[in-house]
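In what follows, a structure is listed as structure tokens, so that the remarks can point back to it.
The values are calculated or read from the model by the stated rules, or taken from the named source; none is laboratory data. If you're wondering where the values come from, they're calculated on a predicted model, not measured in any experiment. FYI the Cβ positions are ideal-geometry reconstructions off the backbone, even for glycines, and counts take in every protein chain you see. Calculation scope for accessible area: heavy atoms of the full protein, side chains included, ligands and nucleic acids excluded. Shrake-Rupley method; radii C 1.70, N 1.55, O 1.52, S 1.80 Å.
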Amino acid sequence: MYRVIVVDDELVIRSGITNFINSEIEDFEVIHNFCDGAEAVDFLKTNDVDLVVSDIKMPHISGIELAKYIFENKPSVKVILLSGYREFEYARSAIQYGVKYYILKPTDFAEFKDVLVKMKTELEQMKSRKDQVLFMDKIKLLYSNILSNKKIEAQNILLSVFEDVKDNPVSKINQYFYDLYEIIFDKFNLYLKIQLNADKFNLNQLLALEDVNEIKLCALEILEKIFHLLLVEEEAPNVFLLQDIKDYVQEHLQEDISLQDVADKMFFSTVYFSRFFKKQTGETFSNYLLRVRMEQAVRLLEKNKKVTEISEACGYHDPSYFTRIFKEYYNYTPKDYARRFISNR
């Protein structure tokens, strides 16, 4: 059920829209209505809604100002603006705040219903995208805990995924866990060089199960098998992981890469990636990235490259900023470094 608030300084219109939505429109429920945008803003500060239906002209905070507040503070909330014919062009100025739908007064409820149908489709798509992001974030966290040999934490994440999907049809729950392990196996194959496959872990049994609790138990058993496999593999996979990370940095050195970028590439959570890298190398990733860039800068200085070229090649798109970083690292500007240590060779 999508939560709605209605904002209009005219009681008749406010009540009419509220009653129409609650009695005629499926999957939408007006949970509150307000006579001014200021009241709506106060409500939104501490409450979550999916849709705001607001008049354009109100005494204290207008519909445009309300849309601006939502755009800046609650960007996932959709807005429909109501306006008289004379204010319609003014209402359309709210497009800069993400408003796409406008209803002219007096309200044509057939048109209003059509707009709500479109809005429902957008909200469903947005929810689907959020669910996909949440699903992938949990798989990433599960993967990180497996690599950290944190069995209890990994089991808890798996159980939380089950709680997220348990109300779906059984066939969809099957597919969720099948996809989850397919993704994890793919990452093991790609980054750990451990060849896992669906047949080896009999993933197809997940798709054949028809009882929800049996699916949960089967998913936990597969997780147990993965931990057992890693116990046998010991530390060897870390060598491959570290080399992949270093290769990625070298290949993207000219880009504005960050810890988050590399963690995403390796399918790690940022926390796990930071700990892993420090444990394996003895230095933080940021220090490593800086060192690699500075060493590359020196190699390019030795080839008589210009500072602007070196700056770009090392991922700094502002030569002045690059020069400052270089000086902080080597105590010399690039030109002074070249004169002191390169030209005299």
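With Cα atoms as the point set, the radius of gyration and Dmax of the range 238-342 evaluate to 14.7, 43 Å.
Across the options PHE273, LEU141, GLN175, the greatest Cα extent toward the positive end of the charge dipole of the chain (unit charges at beta carbon of Lys, Arg, Asp, Glu) belongs to PHE273.
What does the charge add up to near ASN213, with Lys and Arg as +1, Asp and Glu as -1, over the other residues with Cβ less than 15 Å from its Cβ? So the environment of ASN213 carries a net charge of -4. Placing unit charges on the Cβ atoms only, positive for Lys and Arg and negative for Asp and Glu, gives the chain a dipole magnitude near 1940 debye about its Cα centre.
What angle do you read, to the nearest 10 degrees and between 0 and 90, between the alpha-carbon axis of helix 270-281 and the longest principal axis of the chain? Approximately 0 degrees, to the nearest 10. Helix 109-147 axis versus longest C-alpha principal axis of the chain: approximately 30°, rounded to the nearest ten. List, in order, the whole-Hz ³J(HN,Hα) value for each residue of the range 97-107 obtained from phi through the Karplus relation with A = 6.51, B = -1.76, C = 1.60 and θ = phi - 60°; use x for Gly and Pro. For the range 97-107, the Karplus curve yields 10, x, 7, 10, 10, 9, 10, 7, 8, x, 5 Hz.
Protein heavy-atom accessible surface, 1.4 Å probe, per residue over the range 216-333: 55 Å². What the Cα convex hull of the range 2-107 gives, in volume per residue, is 86 Å³. For LEU82, nonlocal amide neighbours, meaning residues 5 or more places apart or on other chains whose placed amide H falls under 5 Å from its own, are SER54, ASP55, ILE56, ILE103.
Computed from Cα positions, the angle between helix 37-46 and the longest principal axis of the chain comes to roughly 50 degrees. Computed over the chain, the per-residue total of -39500 (n - 2.57) for DSSP H runs of n ≥ 4 gives a 222 nm mean residue ellipticity of -20000 deg cm²/dmol, rounded to 500. Take the solvent-accessible surface of the protein heavy atoms, probe 1.4 Å, and return the percent of it on the range 238-342 that carbon and sulfur atoms account for. The value for the range 238-342 is 47 percent carbon and sulfur by accessible area.
Normalised by residue number, the volume inside the convex hull of the Cα atoms of the chain is 197 Å³ per residue.
Comparing ILE13, VAL41, VAL79 along the charge dipole axis of the range 2-107, the residue lying farthest to the positive side is VAL79, per the Cβ-charge model. Computed about the Cα centre, the dipole magnitude for the range 70-217 is approximately 420 debye when only Lys and Arg (+1) and Asp and Glu (-1) carry charge, each at its Cβ.
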